[in-house]
Amino acid sequence: MNLLAIDLNAPATYVTLGPFTVSPGNLVMILTGMVLFVAALFLPFPGHDEDKR
């Protein structure tokens, strides 16, 4: 019975981006972090109201 969803005995897969080589899982995490960072820069804080001053 194989409980793993990924075959860990197979050779690793890598993506080459110019001088950088990264695994697909790490690439997804890096891109997700970048999207969240950019969203945090432009989205307002919760409860922020322009009329309160």
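In the range 37-53, the qualifying residues are those that are loosely packed, with under 10 Cβ neighbours inside 10 Å and part of a helix (DSSP H, G or I), and the one that is modelled with the highest pLDDT is Phe37.
Just so you know, in the range 21-36 the residues that are within 17 Å of Ile6 (Cβ to Cβ) and of a type outside the set (Val, Ile, Thr) include one that is surrounded by the most Cβ atoms within 10 Å (Cβ to Cβ), and it is Leu27. In the range 29-44, the residues that are free of Cβ contacts under 8 Å to residues at least 24 places away in the same chain and closer than 22 Å to Val15 by Cα form no Cβ pair under 6 Å with any partner that is aliphatic (A, V, I, L, M) and part of a helix (DSSP H, G or I), whether six or more places apart or across chains.
The values are calculated or read from the model by the stated rules, or taken from the named source; none is laboratory data. Values in this document were obtained by computation on a predicted structure and should not be read as measured data. Glycine also receives a Cβ, built like all others from the backbone with ideal geometry; neighbour counts cover every protein chain displayed.
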